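A.B. asks: Structure in C-alpha cells, see below.
The values are calculated or read from the model by the stated rules, or taken from the named source; none is laboratory data. What you see is a predicted model, and the numbers here were worked out from it, not measured in a lab. Cβ atoms come from the backbone with ideal geometry, glycine included; neighbour counts cover every protein chain shown.
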Amino acid sequence: MGDFKKINRLVWLLPLVFVLGGSVVFLTGLSNQGSSKSIDQFEAYFFDSEKGDYVNLEIKSGGYNDLGFLADTVILKIPLSHPGFSNTDLIEISNPTFDITYLSYVDDQGNEIENLLALDNGVDFFYPNPVFPLPRYRDSSNFLEFKILSSDPFRFSLSTYRENTFLKKSTQTLALVAIYCGIMLALVLYNFFLFFIVQDRGYLYYFLYILFIGMAQISLLGYSYLFFFQESKTLYQVSIIIFSSLSGIFGVLFIQNFLKTKNHVPKLNKVLTGIAILYGFGSMARVLGLVEISYSITDLAGLMVVVFFITVAFIVANKNYKPAEYFLLAWAFFLVGLFSFIMHNTGLIYLGTFPSLPMLLGTAMEAILLSLALAYRINVLKQEKDREQSEKLRLMKEAEILILRQNEMLEEKVRRRTEELEETLHDLQQTQTQLVNQEKMASLGQLTAGIAHEINNPINFVSSNISPLKRDIKDVLELMEAYREKGKLEFSEAVKRELESLEDDLEFDYLLTEIDQLLKGMEDGAKRTVEIVKGLKIFSRVDEQDVKRVDLHDGLDSTLVLLNNTINDRIEIEKNYGDIPMVECLAGKINQVFMNILSNAVHAIFDHPEEGRAPKIVISTQQEGDTVKITIKDNGPGIPESIQNRIFEPFFTTKPVGKGTGLGLSIVYTIIENHKGKLALQSKEGEGSQFTIVLPVSQGQSA
C-alpha cells in the first residue's frame, strides 16, 4: 500500500505539467492573434434539390457558425476585399469532418480563375483541418468560393494566416495534443495496472472511460483521423459518435460503481442505466447511417449526464460519502472546460487560436482527480480495516485482562489458540498463492504444449521429405548430365549451340549450386524448428505436479532456445556444463526459475548498455556431494548493495512502473525453497550479478 501512495503522489505532477504546457500554448496562441485573422463576412447558400433553387444561409458575425445538417453542397462566397486577406498566405476552415472541400478563385461573375488545392497534411504539415494557399496575385474585386459537402453537422469558422504563423500554430497544437495523449495514456495504464492489482471493477470501468473520452477528444479535434483512420474518412466520422458513446456508457458504469448509486440512490441508479442504454442507441443509429438522429441522441444523453451526474454526486456527498466530493471537484473542472468551449463557439469569449484547450484541460484534470479519488478510496478501505483491527485488538486486550484475572491457564489456552489461528491463516494464504500460480502455469503449459504439438506434425513431414527430395533431385541431375554427355556426341552443332545458349541464359551451373544451397537451407531450418519445438515441449511441463528425474542441462538449453529471439546474437552465452546426475524435481517449475533469472539478466544488459563492454552470460553447473549447483552470471550493471536484501520480496522491483510486477524473483525463491534447495545472490554494482542455485539430487535430501 505504501507503493500505491508514492504512485499517487507522482500522479499529482501530471496536471502541473499539462497545465503549464497548455498555458504556454494558449498564451502563445493569444500572442499570435495579430497574425491570424477571422473571416466573418461572406455569403453562404446551398442548392435545395427539393425546391430546385438556391437557399441563402444566415451567417453569424462572431466567426463561428453552426448551420446544422445540410444534405446538399454548401457554397461559401468570400470577397477578397475583406481586411482578413491583407498580408496573409493561407486560409483555414475549422472542421475536419467535411467529406469534400473544394476552393476556387472566381471573378465577380462567378467564373473560375484558379482552382486552389488544399495542402497535403501528410507531407506539408500534420494538421487535421482543411488548409488552402491563397492566390499569389489576387484582385480585391474578386472572390474565394468554397464548395463543401458534409454528412456531419456543418459547423465551422474561417481564419487566414501568414505561413510561418500557421506552421507555429500547427506545431504548438500538435505538441499540446501529444502532451494530452501522453497524460491520458499514463492514466489509462496506471488504472489498468491497479485493476489487476486491486481486482476492483471500478478501475476497469474507469480505465475504459479514460481511454474512450481521450479518443473522443482527439476525434473531435480531428487528430484520430490523422493517427488511425486516414484510409477511411467514414470510419473517422463514425468514431466521433462511437467513442463519445462508449465514454458515456463506461462513465455511467463507473459512477454507479464509484458512488454506490444502487445503495445510495436506487431510483436515480435506474435513470443512469437508461442514459447508458440511450448512448447505445446513439451508436447504433450512427452505424446504421442515421447521422442526424445519432447526434441528437448523443447530445441528449450528454445533457442528461451533466444534470444527473451532478445531482447524484450532490446527494451522495450529503450522505458524508467522501469520494463524492472528489467526483464533484473533478466534474467542476470538466464543466468549466465545457462551458468555456461553448461560450467561445457562441462568440461570448475568445480563446485564441486553440479554442479546444479548455476541453482538453478539463477532461485531463477530471481524469487525474478521479484517479486520485479511486486511490483515496483504497486508503479509506485501508483505514476502515485498520480501525477494525484496532477495535479487535482492544477487545482482545480487555479479554486478556479479564482472563488474567480469572485464570492463568485459560490465558495460555487462548494464546495457543490465537497462534494456531494465525498459523492456519498463513497456511491458507500460502496455499492460495500456490493454487493461483499452479493454475496460471498449468494454462501456460497446456498452451505451449499444444503449440509444440501442432508445429511438430508439419515440421516432421517437412523433415522426413527433405532426404527423398535430395535423392530425387540428385537422380534428375544425373539424368540431365547423361543427356548432356550423350548430346555432345549425337546432337548437331546447331542444336548444341542452341542448348548451350539456353544453359547460359538460365545460368545452369549457378542453378545447380543454388539448388544445393536451398536444400541445405531447408534442412537447417527444419532442424532449427525441431530444436525450438523440443524446447517448447520441455518448457511446457510447467503444469506437471509429479516429481521426476530430469536433466537440468536440457532445461537450460530449452530456455536459451526460447530466448534466442530476444538475445539475437547480441549476447555471448558461455556454457560451462559439468558432469551432473539427473535431479528429482518439478521440471516445469525449475524451467520457470531458469527463464526468470536468464530473462532478467538479458534485460539488465540491454537496458544498461555500456560502451566497450561485450555483453556476456556465463552458465555453469557442477555436482557437490548430494547436490547440484547451477550458477548464472552476467556482466550487466549489477544490483546496489542497499537493495540486495529486498530483491526476493513480493512486489519489490527496480523497473519503471508498468514494466515489472516485482513477483518474478519472489516466485523463483518460493520454487527453490519448495524443492528443499537454496538460492543466493552475489552482485557488485558496475560489475554484474551472479545467482547460485543449489538443488538436492533426491527430494529425500536437503541442499
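A.B. asks: Determine whether Glu500 is part of a helix (DSSP H, G or I) and either at pLDDT 85 or above or under 30 Å from Tyr483 (Cα atoms) (or both).
C.D. replies: Numbers: part of a helix (DSSP H, G or I): yes; either at pLDDT 85 or above or under 30 Å from Tyr483 (Cα atoms) (or both): yes.
Yes.
A.B. asks: Scan the stretch 206-237 residue by residue and report those that are aromatic (Phe, Trp, Tyr) and in a helix (DSSP H, G or I).
C.D. replies: Taking the stretch 206-237 as the starting set, the residues that turn out to be aromatic (Phe, Trp, Tyr) are 206-207, 209, 212, 223, 225, 227-229, 236.
The answer is Tyr206, Phe207, Tyr209, Phe212, Tyr223, Tyr225, Phe227, Tyr236.
A.B. asks: Provide a single number: the residues in the stretch 482-518 that are aliphatic (A, V, I, L, M), farther than 21 Å from Arg471 by Cβ and surrounded by 10 or more Cβ atoms within 10 Å (Cβ to Cβ).
C.D. replies: The first filter runs over the stretch 482-518 and keeps only residues aliphatic (A, V, I, L, M), leaving 482, 489, 494-495, 499, 502, 506, 511-512, 515, 518.
Adding the requirement that they be farther than 21 Å from Arg471 by Cβ leaves 489, 494-495, 499, 502, 506.
After this cut, where a residue has to be surrounded by 10 or more Cβ atoms within 10 Å (Cβ to Cβ) as well, the list is 495, 499, 502, 506.
Number of matching residues: 4.
A.B. asks: A follow-up question, please. When Asn129 is evaluated against the numbered criteria (1) modelled with pLDDT of 80 or more; (2) in a strand (DSSP E or B), which criterion, by number, is the only one it fails?
C.D. replies: (2)
A.B. asks: Report, ordered by the first and then the second residue, all pairs with beta carbons closer than 8 Å, sequence separation of six or more or different chains, a first member in the stretch 322-349 that is farther than 30 Å from Ile59 by Cα, and a second member that is outside any helix (DSSP H, G or I) and at pLDDT 70 or above.
C.D. replies: Here the result reads Pro323/Leu259; Ala324/Leu259; Phe327/Leu259, each pair linking the stretch 322-349 to a residue that is outside any helix (DSSP H, G or I) and at pLDDT 70 or above.
A.B. asks: Please find, within the stretch 85-100, the residue that is farthest from the chain's Cα centre (by Cα) out of those that are outside any strand (DSSP E or B) and under 25 Å from Gly222 (Cα atoms). Even if it seems obvious, please write down each step before you answer.
C.D. replies: Initial filter on the stretch 85-100 (outside any strand (DSSP E or B)): 85-89, 94-99.
Among the residues that remain, those that are also under 25 Å from Gly222 (Cα atoms) are: 88-89, 94-99.
On the way: Thr88: 42, Asp89: 40, Ser94: 30, Asn95: 28, Pro96: 26, Thr97: 26, Phe98: 30, Asp99: 30 Å.
Per the stated criteria, the residue is Thr88.
A.B. asks: Within the stretch 154-173, can one find any residue that is part of a loop (DSSP other than H, G, I, E, B) and modelled with pLDDT under 80?
C.D. replies: Residues of the stretch 154-173 part of a loop (DSSP other than H, G, I, E, B): 154, 162.
Checking which are modelled with pLDDT under 80 leaves us with 154.
Scanning the stretch 154-173 turns up at least one residue that is part of a loop (DSSP other than H, G, I, E, B) and modelled with pLDDT under 80.
A.B. asks: Residue by residue through the stretch 464-491, note down the ones that are assigned to a helix (DSSP H, G or I) and of a type in the set (Phe, Trp, Tyr).
C.D. replies: Filtering the stretch 464-491 for residues assigned to a helix (DSSP H, G or I) gives 464-490.
Within the stretch 464-491, Tyr483 is the sole residue that qualifies.
A.B. asks: What residue, among those in the stretch 293-336 that are polar (S, T, N, Q) and within 30 Å of the chain's Cα centre (by Cα), is surrounded by the fewest Cβ atoms within 10 Å (Cβ to Cβ)? Before you say what the answer is, go through the steps one by one.
C.D. replies: From the stretch 293-336, those polar (S, T, N, Q) are 294, 296, 298, 311, 318, 320; that's our starting set.
Going one step further and asking which of them are within 30 Å of the chain's Cα centre (by Cα), we end up with 294, 298.
Values: Ser294: 25, Thr298: 23.
Per the stated criteria, the residue is Thr298.
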